[in-house]
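The values are calculated or read from the model by the stated rules, or taken from the named source; none is laboratory data. The structure displayed is predicted, hence computed values, not measured ones. Cβ placement follows ideal geometry from the backbone for every residue including glycine, while neighbour counts extend to all protein chains displayed.
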Amino acid sequence: MTKIDYRQATFLISAAHSKQFPADEGKEVAFVGRSNSGKSSALNTLTDHKNLARTSKTPGRTQLINFFTLDTEHRLVDLPGYGFAKAPIEAQKKWISVINHYLKHRESLAGIILLMDIRHPFMDFDTKMIEWSQEQNIPLHILLSKADKLAFGKQKAAYLQVKKEIGDNPLVTVQLFSSLKKIGLDDLKKQMGIWFS
């Protein structure tokens, strides 16, 4: 398993379309989730940076694909949030097309981290992402984010329910996560280390 120092993360480029993507080499892990799922906070917690990924009170502010370098071989990718983004429909369609292109054609994509708010799992977008990852044979790891918002018993119940929904699928894994309390941070690093190996 590859050991990565995530604190070394530095911003590389924001891409509005595929021509702006960095060279398709090495390995990268993409973070994706509905607006307000806690995706930016998870990236900031993972890298121990306060503002690596912009968190916003207005969901859906991330409108570009943001690439971050970890070292010469490894990158993190922050994909635009889906959901109640305050953006014109045309702009949203454009993001979706860029994301689709990235997910279908990116050779260096080693795995996808899908953030789901533990209180509202399996919204339409979450289900589509899981289906897509299976079609493309790309491993997907679900972070049940904001776990600190629930008592321990309810966390466990939500986790078991999601495990049941996923079924016996070797490509999809799940864990509890909280950026605020750093619940599950070591498990996340372990999963990413496997993908980066």
### Query
Within region 184-191, is there a residue that is within 13 Å of the chain's Cα centre (by Cα) and in a loop (DSSP other than H, G, I, E, B)?
no
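Working carefully through the options Asp24, Asp71, find the one that is under 21 Å from Lys104 (Cβ atoms), out of contact with any Leu (no Cβ under 7 Å at 6 or more places or on another chain), at pLDDT 95 or above and in a loop (DSSP other than H, G, I, E, B).
Working: Asp71 fails: under 21 Å from Lys104 (Cβ atoms).
Sole residue among the options that is under 21 Å from Lys104 (Cβ atoms), out of contact with any Leu (no Cβ under 7 Å at 6 or more places or on another chain), at pLDDT 95 or above and in a loop (DSSP other than H, G, I, E, B): Asp24.
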### Query
If Arg75 satisfies every condition in (1) out of contact with any strand residue (DSSP E or B) (no Cβ under 8 Å at 6 or more places or on another chain); (2) closer than 17 Å to Phe21 by Cα but one, which is the exception?
(1)
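Return yes when Asn169 is in contact (Cβ under 8 Å) with a residue 24 or more places away in the chain and at positive phi and no when it is not. Walk me through how you get there before you give the answer.
On the way: in contact (Cβ under 8 Å) with a residue 24 or more places away in the chain: yes; at positive phi: no.
So Asn169 does not fit the description; no.
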### Query
Got a number for residues in region 1-38 being touching a His at 6+ places or on another chain (Cβ under 7 Å) and of a type in the set (Val, Ile, Thr)?
1
### Query
Which condition number in (1) at pLDDT 90 or above; (2) farther than 17 Å from Lys39 by Cα; (3) not polar (S, T, N, Q) is the one that Pro88 fails?
(1)
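The rows are residues; the columns are (1) outside any loop (DSSP other than H, G, I, E, B); (2) under 19 Å from Lys39 (Cα atoms).
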site: Gln92; (1), (2): yes, yes
site: Ile96; (1), (2): yes, yes
site: Lys104; (1), (2): yes, no
site: Glu107; (1), (2): no, no
site: His120; (1), (2): no, yes
site: Thr127; (1), (2): yes, yes
site: Glu135; (1), (2): yes, no
site: Lys156; (1), (2): yes, no
site: Tyr159; (1), (2): yes, yes
